[in-house]
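The values are calculated or read from the model by the stated rules, or taken from the named source; none is laboratory data. These figures come from a predicted structure and were not determined experimentally. Heads up, the Cβs are rebuilt from the backbone with ideal geometry, glycines too, and the neighbour counts pull from every protein chain shown. These accessible areas exclude ligands, DNA and RNA; they are computed on the full protein's heavy atoms, side chains included. Shrake-Rupley method; radii C 1.70, N 1.55, O 1.52, S 1.80 Å.
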Amino acid sequence: MGTETETQTGFKLVGYKNFVRTNPKSDRFKVNRFHHVEFWCTDATNTSRRFSWGLGMPIVAKSDLSTGNSVHASYLLRSGNLNFLFTAAYSPSISLSSPSTASIPTFNAAASFAFAASHGLGVRAVAVEVEDAELAFNTSVAHGATPASPPVVLDNRVKLAEVRLYGDVVLRYISYNNPNQTSEPNPDQWFLPRFEPVSDESSHSSLDFGIRRLDHAVGNVPELSSAIKYLKEFTGFHEFAEFTAEDVGTAESGLNSAVLANNEETVLLPINEPVYGTKRKSQIETYLEHNEGAGLQHLALTSEDIFKTLREMRKRSGVGGFEFMPSPPPTYYRNLKNRVGDVLNDEQIKECEELGILVDKDDQGTLLQIFTKPVGDRPTIFIEIIQRVGCMLKDEEGKEYQKGGCGGFGKGNFSELFKSIEEYEKTLESRRTA
C-alpha cells in the first residue's frame with residue numbers, strides 16, 4: 001500500500017495506489033469546456049506565427065491596429081476546438097488615450113508589461129465556457145475566489161469575467177447569449193466581438209497537424225494544499241487523480257500533484273508542488289524560480305493522430321517550430337510490447353520509438369504522450385502532445401464520446417520525463433560551470 005504524503009500545510013495525499021476516483025457532481029455552476037488559452041507576450045505577431053507554424057494551427061482572427069484596436073495586438077489560432085490567443089500591448093501612452101478600442105476589456109497594458117518582466121512568455125488566462133459568466137463569477141467570489149475582472153457584456157452577446165487561478169494566471173469565464181454562435185464560421189460570432197477574420201493568404205489556413213482540443217492545463221505552485229483547497233472551494237470541482245513523489249519521482253527529485261475536474265470531466269486542472277530536500281532540485285522548484293512564482297507549467301493538446309502530428313512537428317523543430325525532450329533509451333521501447341502490446345501493434349511501437357513517443361495505460365485506457373522543451377527563453381512553460389485510446393461511451397442521444405482522462409496522465413512515464421529533464425538541466429549546468 002502507498003503511504004500518505006503530507007504537503008507543506010498538512011494536506012493529505014493518499015497517492016495513486018490508494019486514491020479512489022469518484023464524481024460527486026459538485027460543480028457550483030455549469031462548466032461546459034475549455035474555451036481558449038491566452039498567452040501574454042511582448043510581440044504577438046511573431047509569437048503567434050511561431051506557434052501557428054510549429055503546431056499546425058492557422059491564424060483565424062485578429063484584433064490589432066488594422067481593426068481599430070490601439071491598445072493591444074491579439075491573434076487567434078484555432079485547430080479543431082483548440083483556441084490559442086496571443087496578446088501584446090501597444091505603446092502605453094497611446095493605449096491610455098483610447099482604452100475603449102480594446103477588444104478584450106480586461107486587458108491592462110501596465111499589467112501586461114509587468115507580467116512579461118516577471119514571467120517571460122507565459123499563459124495569462126485559462127478560459128472556460130460556462131452557462132452564465134456573471135453567475136459563475138458571483139458564485140466564485142462568494143465562495144472565496146479572488147476577483148480579477150468583474151463581469152462585462154460585449155455587444156449584448158458575450159459575457160466575460162475573471163477570477164484569480166494561481167500566481168498571475170486568471171480563470172476566465174465566457175458565456176454566450178446564443179450558445180449556437182460557437183458553430184458560426186465568423187470568429188466575431190464564436191470568439192469575441194471586435195475580432196475580424198484573417199484572410200487565407202496570411203493565415204496558413206492549410207496547416208493542420210491533427211491537434212483538436214486542450215485536454216488539461218497544468219499549474220505549478222509553491223504549496224499544493226492551499227491551491228487545491230482554494231480552487232475546489234469556489235468551483236466545486238472534484239479530485240480526479242493524485243500522485244506523490246513515491247508514485248512519479250526519480251531517485252533524484254520528485255513532486256506531489258492533484259488533478260481537479262468539472263462534472264463532465266472535460267476541464268482537467270492538474271496542480272503540482274515541488275518536493276524539497278531531494279538530491280537534485282525539483283523541476284517544479286526550478287520552474288518557480290525562473291517564473292518568479294506560481295504559474296502555468298504546460299498545456300496538454302489532444303491529437304486525433306499523434307503519429308501524424310509528431311511527424312509534422314519534428315519537420316519544423318529546427319526551422320521555427322518546437323524541439324522535444326530527449327527520447328527514452330531503447331530498453332524503454334523493448335519493454336513496451338509487454339506493457340501495451342494488446343493496444344499497439346509492432347509497427348506502431350516502432351513508430352513510437354522513431355518519434356520519441358511515450359506510452360502508458362491505466363485500468364481504463366491507454367495514453368500516448370510526448371513533451372517539448374520549454375517554448376521560451378526560460379525553463380518554464382512547455383507543450384505536451386497526447387492521444388488517448390479507449391474509454392468510448394455513448395451519450396443519451398447515442399453519440400460516441402471519450403471519457404475524460406482516459407489512460408491517465410502518464411504516471412508510468414513521469415520518471416522517464418523527469419530523467420530527461422534532469423539530463424537537459426545538467427547540460428545547462430555544465431555550460432554554467434565550464
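Points to keep in mind about this one:
- Among residues other than LYS394 with Cβ under 14 Å from its Cβ, the summed charge is -2 (Lys and Arg +1, Asp and Glu -1).
- Leading residue at positive end of dipole, the chain (Cβ point charges), from GLN387, PRO330, ILE211: PRO330
- Loop GluC sites (Glu not before Pro), region 53-140, which have at most 14 other Cβ atoms in a 10 Å radius of their Cβ (DSSP): GLU131
- Taken over the alpha carbons of region 81-155 as equal point scatterers, the Debye sum produces base-10 log I(q)/I(0) values at 0.13, 0.18, 0.21, 0.25 Å⁻¹ of -0.52, -0.96, -1.18, -1.30.
- Straight-line cross-link partners of LYS279 among the lysines, defined as a Cα under 22 Å from its Cα and at least 8 positions apart when in the same chain: LYS411, LYS419, LYS426.
- Each distinct pair of alpha carbons in region 261-339 adds a 1/r term; the inverse of their mean, the Kirkwood radius, is 16.5 Å.
- Proximal lysines to LYS232, defined as alpha-carbon separation beneath 18 angstrom and excluding residues fewer than eight positions away on the same chain: LYS12, LYS25, LYS30
- Both radii come from the Cα set of region 42-129: Rg as radius of gyration, Rh as Kirkwood radius; their ratio Rg/Rh reads 0.96.
- Among the cysteines of the chain, those with no neighbouring cysteine Cβ under 4.7 Å are CYS41, CYS352.
- Here the relative contact order of the chain, from alpha carbon pairs under 8 Å that lie six or more residues apart, stands at 16 percent.
- Neighbour net charge for ASP215 - beta-carbon separation under 13 angstrom, K R +1, D E -1: +2
- Carbon + sulfur, % of accessible area of region 1-150 - ligands and nucleic acids excluded, 1.4 Å: 54 percent
- Accessible area expressed per residue, the chain, with surrounding protein chains retained (probe 1.4 Å, Å²): 42 Å²
- Qualifying lysines (Cα of each under 21 Å from Cα of LYS350; at least 8 residues distant if same chain): LYS308, LYS315, LYS337, LYS361
- Global size of the chain as Cα Rg and Dmax, reported in angstrom: 21.1, 65
- Applying 1/(1 + (r/R0)^6) with R0 = 30 Å to the Cβ-Cβ distance of SER97 and ASP155 gives a FRET efficiency near 0.85.
- Quick note on region 274-426: its Rg to Rh ratio, both from C-alpha atoms and Rh being the Kirkwood radius, is 0.99.
- For the chain, size of Cβ-based charge dipole, Lys and Arg +1, Asp and Glu -1, in debye: 440 debye
- Neighbourhood charge, 15 Å Cβ-Cβ cut-off, centred on GLU233 and excluding it, Lys, Arg +1 and Asp, Glu -1: +2
- Portion, in percent, of the accessible area of region 256-367 that falls on carbon or sulfur, probe 1.4 Å: 45 percent
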